[in-house]
Amino acid sequence: MTGKPDPFSVPFGTILCDWMTTARANDGPYVYRGSPEPYGDLTISPAAHVLHYGSAIFEGLKAHRQADGSLAVFRLDSHVERMATSAALLRLPRIDPDTLRRMVIDAVEANSEEVPDPPGSLYIRPTLVGTDPDIGAAARPTRSALLYVVNSPVGDYFKGGVRPLTLLLETSIPRTVPQFGMVKCGANYAMALGVTLDSMAANEAIDQVLFATGDDITETGAANFFLADDERVITRRLDESFLHGVTRASVIELAQHLGYEVEERTIDPDELIDWAERGEAFLSGTAAVLAPVGTIIRDGMTLTVGDGQPGPNTMRLRQALVDIQVGAAPDPFNWRTPVRG
């Protein structure tokens with residue numbers, strides 16, 4: 001890691017590690033040679049399917065330095081399963097979970113010296129792209145593909161670390177294409193990008209846009225949304241219109257373990273008015289972990305959530321989750337996968 005900047009001094013994900021893993025499929029299973037290779041540029045045809053027809057998916061997960069100095073990947077199997085599901089939905093060549101799992105572990109172990117101490121972590125980005133050199137394949141799936149894993153030492157996702165965020169409620173523009181909302185693909189992020197940039201340009205205080213298309217709150221451009229108080233944790237019930245977050249699932253299991261009643265249901269924007277007076281709100285995601293929400297802007301009106309500061313239940317859940325991730329607490333859910341480091 002010599003000569004590379006401090007992960008906390010640069011934007012999230014802008015430092016890349018020295019090693020990566022790759023595997024290719026060509027009308028058959030992915031062939032992984034079984035060892036990492038130096039990080040470097042990839043070569044694909046200008047006619048590659050991904051460049052013309054969007055045959056690309058990715059995942060985002062983390063490895064954490066543990067309290068005893070070892071390394072562990074958080075919820076590896078859940079991310080592998082979700083990526084395999086995404087590949088099937090986009091008709092990409094089938095992913096063998098064991099192969100992807102091995103590629104992730106090999107990449108993390110090769111880059112172990114670049115893993116920062118907590119609260120930093122190693123962000124892991126498995127990516128799959130269609131590589132058929134065929135510009136006439138708009139109605140055909142790619143038969144060849146490139147699967148690769150790169151790593152990035154990271155600090156905080158949101159500038160300034162853990163702080164209360166300001167969200168803008170958007171009720172007209174959809175966050176995703178409905179049938180692929182649960183797929184982690186670039187098109188969904190591109191859909192959210194324009195409205196997020198325009199909103200931030202109009203109001204520099206805005207951190208994220210909270211999408212509530214048809215008055216039905218789902219998620220922001222990069223995280224799932226929760227409400228909480230001393231007894232309950234509430235989040236949108238799953239369907240195909242938004243991402244099935246692994247951190248979201250972790251929060252639900254952890255909240256139940258800690259004695260909260262969990263409700264997965266539709267959330268009407270009108271609820272936010274009452275909730276802002278007596279409860280809390282937060283976002284969840286691999287990059288952000290749990291991020292408290294202090295302000296929600298709706299139709300030009302500003303709702304201050306609680307006292308505008310991180311709420312005690314939000315921070316309790318966040319700390320409990322982080323403690324499991326970094327090995328400072330027992331792991332009753334078997335979420336940690338140890339790796340050599």
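The values are calculated or read from the model by the stated rules, or taken from the named source; none is laboratory data. No experiment lies behind these values; they were computed from the predicted model shown. No Cβ is skipped: glycine too gets one built from the backbone with ideal geometry, and neighbour counts run over all protein chains shown. Note: accessible area is taken over every heavy atom of the protein model, side chains too, but ligands, DNA and RNA are not part of it. Shrake-Rupley method; radii C 1.70, N 1.55, O 1.52, S 1.80 Å.
Name the residue, out of A145, A228, A187, that is surrounded by 19 or more Cβ atoms within 10 Å (Cβ to Cβ) and either more than 24 Å from L272 (Cβ to Cβ) or not small (G, A, S) (or both). Walk me through how you get there before you give the answer.
Values: A228 fails: either more than 24 Å from L272 (Cβ to Cβ) or not small (G, A, S) (or both); A187 fails: surrounded by 19 or more Cβ atoms within 10 Å (Cβ to Cβ).
On inspection, the qualifying residue turns out to be A145.
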(message) It is to be established whether one or more residues within the range 314-334 are under 21 Å from the mean Cα position of the chain (by Cα), in a strand (DSSP E or B), in contact (Cβ under 8 Å) with a residue 60 or more places away in the chain and crowded, with 19+ Cβ neighbours inside 10 Å.
(response) no
(request) Report yes if T302 is of a type in the set (V, I, T), exposed (fewer than 13 other Cβ atoms within 10 Å of the Cβ) and more than 22 Å from D68 (Cβ to Cβ), otherwise no. (result) yes
(message) Restricting to the range 74-96, count the residues that are crowded, with 17+ Cβ neighbours inside 10 Å and under 21 Å from A110 (Cα atoms).
(response) 5
(message) Just to verify a result, which residue in the range 157-181, among those that are among the charged types (D, E, K, R) and either at pLDDT 95 or above or surrounded by 19 or more Cβ atoms within 10 Å (Cβ to Cβ) (or both), is farthest from the chain's Cα centre (by Cα)?
(response) E170
(request) For residues that are β-branched (V, I, T) and under 26 Å from D331 (Cβ atoms), scanning just the range 247-279, find the one that is most open to solvent (accessible area, probe 1.4 Å). (result) V262
(request) Take F282 and decide whether it is among the aromatic types (F, W, Y) and without any contact (Cβ under 8 Å) to a residue 60 or more places away in the chain. (result) yes
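It is to be established whether one or more residues within the range 263-277 are out of contact with any strand residue (DSSP E or B) (no Cβ under 8 Å at 6 or more places or on another chain) and assigned to a helix (DSSP H, G or I). Spell out how you get there, then give the answer.
Going through the range 263-277, the residues out of contact with any strand residue (DSSP E or B) (no Cβ under 8 Å at 6 or more places or on another chain) turn out to be 266, 268, 270, 274, 277.
Subsequent filtering for residues that are assigned to a helix (DSSP H, G or I) retains 274, 277.
Yes, some residue in the range 263-277 is out of contact with any strand residue (DSSP E or B) (no Cβ under 8 Å at 6 or more places or on another chain) and assigned to a helix (DSSP H, G or I).
Yes/no per residue for (1) farther than 14 Å from R125 by Cβ; (2) buried (at least 22 other Cβ atoms within 10 Å of the Cβ):
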| position | (1), (2) |
| --- | --- |
| F8 | yes, no |
| L16 | no, no |
| R24 | yes, no |
| G28 | yes, no |
| V31 | yes, no |
| P38 | yes, no |
| L51 | yes, no |
| S55 | yes, yes |
| A72 | yes, yes |
(message) Within the range 26-123, considering only helices (runs of 4 or more DSSP H) that don't extend past its boundaries, which have at least 3 residues that are within 18 Å of P153 (Cβ to Cβ), in contact (Cβ under 8 Å) with a residue 24 or more places away in the chain and in contact with a strand residue (DSSP E or B) (Cβ under 8 Å, 6 or more places away or on another chain)?
(response) 97-110
